[in-house]
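The values are calculated or read from the model by the stated rules, or taken from the named source; none is laboratory data. For clarity, every value in this text was computed on a predicted model and none was experimentally measured. Here the Cβ is made from the backbone with ideal geometry for all residues, glycine too, and neighbour counts use every protein chain on show.
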Amino acid sequence: MCGIIGYVGGKEALPLLIEGLKNLEYRGYDSSGVCLLPAAGGALQIRKEQGKIRCLEELMSKEPLPSAHVGIAHTRWATHGAPCRKNSHPHPNADHTIAVVHNGIIENYQTLRSSLIRKGYKFLSETDTEVIVHLISEYFEGDIVKAVQRAIADLEGSFAIGVVCSDDPATLVAARVGSPLIVGIGESGNFIASDVPAIIRHTRRVIYLKDGQIAVLRRDGVEVTGFDGKKADVKIDKVTFHMEAAQKQGYPHFMLKEIHEQPEVLARMLKARLKNGRVTLDGLGLTEAALKGVARIKVVACGTAYHAGLVGRYIIEELSGVPVDVDVSSEFRYRTVLANKKTLVIAVSQSGETADTLAAVREARAHGAKVVAICNVIGSSLVREADGVLYTHAGPEIGVASTKAYTAQVMMFYLFALRLAEVHRKLPAKHRSLLVKDILEIPALYRGILKEHKKISAIAKDFAHLGCFLYLGRNINYPTALEGALKLKEISYIPAEGYAAGEMKHGPIALIDEYRAVVCVAPQSDIYEKMISNIQEILSRKGKVVAIATEGDQLIRSYVKHVIAIPRTHKLLTPLLAVLPLQFLAYYIAVKRGCDVDQPRNLAKSVTVE
Ligand code: AGP
């Protein structure tokens, strides 16, 4: 939700800021803006534009900015106020001496706004952010750091901010509560940014700011304090992240690249965590005794990560016998939390910055539960708040539609469940070794499915014109149906619903006619026959069916023309394979409909607001 970047140093600031913004565009892309402190002095110079960063660049080519070595910039995902130029950041004060970029939500902005209006401040935007700059202006008595300190004491909600002031042109001030912000220590200047890719080409030395900290950046140094002004102990981390991982590398879209990366991601995870049949869960933060004492597991997550959690429930319950509840974080945080010391909460999140998941984790910890994060982003807020972390190490996921992060999360659930089952002595050795053998084959099976992408693309062409999709699955592939539907709706904007196939007769069957598609996830299993019955019911109502079925399944082909085959595997592992054709299907349908696959409308990669 919004990307911010700032620079103070010896280089020309504008190219660095624009490059950084482009690497943060996944966080929001409805408008963007930049503010520079001209090297020659004078008022702040601001350019803002609705639309993607290329629109801002077009504006700057018509209205060029002066040379500058200090500046801040922002790419927006609108919360308060429509995406348009006046609501874009940076927001300046009345005389253009102070400007602010902000990621987060100021919850008490209405009260602050009314009180500032009473004092004579004029608001030019509908944003919550604008109160911040006017508050800083109100408190400014010659020291920008002190003014920021006083202003943030009045704010409620979440924020990562960057502030510049023409009266102190060599200083950049940043602060955070609840929204991510890093400080990059460079050779010829220092940066603030919402995320590492924004600055990685210029420095790998990074401070992950904590909630309640202010950073004061100058060309030759950075000082971090608490909001009370007391010096904070900070650690400079070295980022081991390869820039190529955050580039398309010849693929037309990040999503397609990330779909193709899945076999390598899974193989890497297995190599690191499954050695000679033994699972190692470094980072888990729980002793064997603590794991043995786990009486109940609660998974909290949002969106795709929630679907991974639903698959996780089937796996953990089947292998270890430990009962599992799965909640979307936004529901969990507001209902009565029944958790105690014997409850293990597993928080699943690609970004580790999802506001609702962070809030759910805080709620769970307040009830005495231990929290383990399954997370992709190193050093993220979730990781810092959890008792343990199982990193998926899937590499940067840039496409807004999550693909490789999902399969890595699901794989982590298999590994975790194997370990839990071992500790709880629930899984017979023979069964375990067969499962481990099949798990190890998954990356190779993935490579086989990837080769089938042309067939899936052809099916997508036949189905792309349909106005509504239903995805059906049963048991462990019910979440696969949910995930397939989410992928399609978020990138193609076609209404798509995932359902447990057994629920079809309880309502969704009313939707079916010759204009609707039904995607049936029907690999071989003990409930296969039930899926076949569902398929017949759909066909007899003229529904258009795509079936995901096990290789060699001739029966299904005798009913269904459009079949996508997945290799035979252990029935517990079928969700890992079945989701791959669904990712491709969504991708090719979206491309066929001319949609912006990597940056779908209204969405952002990490949802750092409630
Ligand atoms: C998935 O394709 C999404 N765009 C979205 O549902 C995402 O999974 C969700 O917002 C959770 O994000 P997280 O994994 O970063 O917490």
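Among the residues of the range 265-274, are any assigned to a helix (DSSP H, G or I), touching a residue at least 40 places away in the same chain (Cβ under 8 Å) and in contact with a strand residue (DSSP E or B) (Cβ under 7 Å, 6 or more places away or on another chain)? Don't jump to the end; show me each part of the working.
As a first pass, look at the range 265-274 and keep what is assigned to a helix (DSSP H, G or I): 265-273.
If we keep only those that are touching a residue at least 40 places away in the same chain (Cβ under 8 Å) too, we end up with 265-270, 272-273.
Filter once more, keeping what is in contact with a strand residue (DSSP E or B) (Cβ under 7 Å, 6 or more places away or on another chain): 273.
Yes, there is a match, as at least one residue in the range 265-274 is assigned to a helix (DSSP H, G or I), touching a residue at least 40 places away in the same chain (Cβ under 8 Å) and in contact with a strand residue (DSSP E or B) (Cβ under 7 Å, 6 or more places away or on another chain).
With respect to Ala364, is the statement that it is at pLDDT below 95 and not in a loop (DSSP other than H, G, I, E, B) true?
Numbers: at pLDDT below 95: yes; not in a loop (DSSP other than H, G, I, E, B): yes.
Yes, satisfied.
Just checking, how many residues over the range 462-489 are loosely packed, with under 15 Cβ neighbours inside 10 Å and either touching a Lys or Arg at 6+ places or on another chain (Cβ under 6 Å) or without any contact (Cβ under 8 Å) to a residue 40 or more places away in the chain (or both)?
So the count comes out to 1.
Taking interchain pairs and intrachain pairs at least six residues apart, which have beta carbon atoms under 8 angstrom, with the first residue in the range 333-353 and of a type in the set (Ser, Thr, Tyr) and at pLDDT below 95 and the second more than 14 Å from the ligand (Cβ to nearest atom) and in a strand (DSSP E or B)?
Taking only residues 6 or more apart or on different chains, the pairs are Thr343/Arg296; Thr343/Ile297; Thr343/Lys298; Thr343/Lys370.
In the range 287-335, what count of residues is obtained for those that are small (Gly, Ala, Ser) and away from the ligand (no atom under 14 Å from the Cβ)? It would help to see each step written out before you state the result.
Filtering the range 287-335 for residues small (Gly, Ala, Ser) gives 289-290, 293, 295, 301, 303, 305, 308-309, 312, 320-321, 329-330.
Subsequent filtering for residues that are away from the ligand (no atom under 14 Å from the Cβ) retains 289-290, 293, 295, 320-321.
Count: 6.
Here is a list of conditions, (1) touching a helix residue (DSSP H, G or I) at 6+ places or on another chain (Cβ under 6 Å); (2) part of a loop (DSSP other than H, G, I, E, B), and Val348 meets all of them except one; can you say which number that is?
Every listed condition holds for Val348 apart from (2).
Looking at the structure I just gave you, is Val216 within 16 Å of the ligand (Cβ to nearest atom) and either farther than 30 Å from Glu490 by Cβ or buried (at least 16 other Cβ atoms within 10 Å of the Cβ) (or both)?
Values: within 16 Å of the ligand (Cβ to nearest atom): no; either farther than 30 Å from Glu490 by Cβ or buried (at least 16 other Cβ atoms within 10 Å of the Cβ) (or both): yes.
Judged against the criteria, Val216 is not a match.
Those residues that are touching an Asp or Glu at 6+ places or on another chain (Cβ under 6 Å) and either buried (at least 18 other Cβ atoms within 10 Å of the Cβ) or modelled with pLDDT of 95 or more (or both), I need them from the range 499-551; list them, please. Please lay out each step first, then the result.
Pass one, the range 499-551, residues touching an Asp or Glu at 6+ places or on another chain (Cβ under 6 Å): 542.
Once the filter is applied, which keeps residues that are touching an Asp or Glu at 6+ places or on another chain (Cβ under 6 Å) and either buried (at least 18 other Cβ atoms within 10 Å of the Cβ) or modelled with pLDDT of 95 or more (or both), the range 499-551 yields nothing.
Would you be able to say whether some residue in the range 432-455 is part of a loop (DSSP other than H, G, I, E, B) and modelled with pLDDT of 95 or more?
no
Please work out which one of (1) without any contact (Cβ under 8 Å) to a residue 24 or more places away in the chain; (2) part of a helix (DSSP H, G or I); (3) more than 16 Å from the ligand (Cβ to nearest atom); (4) closer than 26 Å to Glu483 by Cα is the condition Tyr251 fails and give its number.
Looking at each condition in turn, Tyr251 falls short on (2).
Please return the ranges of helices (runs of 4 or more DSSP H) entirely within the range 286-340 where 3 or more residues are over 21 Å from Arg365 (Cβ atoms) and out of contact with any strand residue (DSSP E or B) (no Cβ under 6 Å at 6 or more places or on another chain). Let's see the steps before the verdict.
Working: elements: 288-292, 303-320, 329-332.
Result: 303-320.
Kindly provide the set of residues from the range 341-371 that are among the β-branched types (Val, Ile, Thr) and either surrounded by 23 or more Cβ atoms within 10 Å (Cβ to Cβ) or within 13 Å of the ligand (Cβ to nearest atom) (or both), ordered by number. Show your work before the answer.
Going through the range 341-371, the residues among the β-branched types (Val, Ile, Thr) turn out to be 343, 345-346, 348, 354, 357, 361, 371.
Within the range 341-371, Val345, Ile346, Val348, Thr354, Thr357, Val361, Val371 qualify.
For residues that are crowded, with 16+ Cβ neighbours inside 10 Å and over 21 Å from the mean Cα position of the chain (by Cα), scanning just the range 234-267, find the one that is nearest to Tyr588 (Cα to Cα).
My answer is Ala267.
Only one of these is within 14 Å of the ligand (Cβ to nearest atom), at pLDDT 95 or above and either acidic (Asp, Glu) or crowded, with 19+ Cβ neighbours inside 10 Å (or both): Leu576, Leu582, Leu572. Name it.
Selected residue: Leu582, the only one of Leu576, Leu582, Leu572 that is within 14 Å of the ligand (Cβ to nearest atom), at pLDDT 95 or above and either acidic (Asp, Glu) or crowded, with 19+ Cβ neighbours inside 10 Å (or both).
Being modelled with pLDDT of 95 or more, under 30 Å from Arg601 (Cα atoms) and either in a helix (DSSP H, G or I) or not hydroxyl-bearing (Ser, Thr, Tyr) (or both) is the requirement here; does Leu472 meet it?
yes
Restricting attention to the range 382-395, and to residues there that are closer than 24 Å to Leu577 by Cβ and either touching a Pro at 6+ places or on another chain (Cβ under 9 Å) or not hydroxyl-bearing (Ser, Thr, Tyr) (or both), which single residue is nearest to the ligand (Cβ to nearest atom)? Don't jump to the end; show me each part of the working.
Taking the range 382-395 first, the residues closer than 24 Å to Leu577 by Cβ are 390-395.
Now drop any that are not either touching a Pro at 6+ places or on another chain (Cβ under 9 Å) or not hydroxyl-bearing (Ser, Thr, Tyr) (or both), which leaves 390, 393-395.
Details: Leu390: 14, His393: 15, Ala394: 11, Gly395: 14 Å.
By that ranking, first place goes to Ala394.
Would you confirm, using the coordinates I've provided, whether Arg313 is under 30 Å from Met1 (Cβ atoms), modelled with pLDDT of 95 or more, basic (Lys, Arg) and buried (at least 18 other Cβ atoms within 10 Å of the Cβ)? Even if it seems obvious, please write down each step before you answer.
Numbers: under 30 Å from Met1 (Cβ atoms): yes; modelled with pLDDT of 95 or more: yes; basic (Lys, Arg): yes; buried (at least 18 other Cβ atoms within 10 Å of the Cβ): yes.
Taking the combined requirement at face value, the residue satisfies it.
Residues Ile439, Ile374: which one is β-branched (Val, Ile, Thr), more than 16 Å from the ligand (Cβ to nearest atom) and either under 22 Å from the mean Cα position of the chain (by Cα) or within 18 Å of Ile566 (Cα to Cα) (or both)?
Numbers: Ile374 fails: more than 16 Å from the ligand (Cβ to nearest atom).
The conditions single out Ile439.
If you go through the range 284-305, how many residues are touching a residue at least 40 places away in the same chain (Cβ under 8 Å) and farther than 13 Å from Ile346 by Cα?
First, the residues of the range 284-305 that are touching a residue at least 40 places away in the same chain (Cβ under 8 Å): 284-286, 288, 290-305.
After this cut, where a residue has to be farther than 13 Å from Ile346 by Cα as well, the list is 288, 290, 292-293, 295, 303-304.
Qualifying residue count for the region: 7.
Could you please find all residues in the range 47-98 being of a type in the set (Lys, Arg) and within 29 Å of the chain's Cα centre (by Cα)?
Arg47, Lys48, Lys52, Arg54, Arg76, Arg85, Lys86
Exactly one condition in (1) among the hydrophobic types (A, V, I, L, M, F, W, C); (2) outside any strand (DSSP E or B); (3) modelled with pLDDT of 95 or more; (4) farther than 22 Å from Ala246 by Cβ is false for Leu56; which is it?
Status for Leu56: all satisfied but (4).
Go through the range 8-53 and report how many residues are part of a strand (DSSP E or B), in contact (Cβ under 8 Å) with a residue 40 or more places away in the chain, buried (at least 22 other Cβ atoms within 10 Å of the Cβ) and among the hydrophobic types (A, V, I, L, M, F, W, C).
4
Answer yes if at least one residue in the range 99-116 is over 33 Å from the mean Cα position of the chain (by Cα) and within 30 Å of Gly10 (Cβ to Cβ), and no otherwise.
Pass one, the range 99-116, residues over 33 Å from the mean Cα position of the chain (by Cα): 114-116.
Remaining after also requiring within 30 Å of Gly10 (Cβ to Cβ): none.
No: zero hits.
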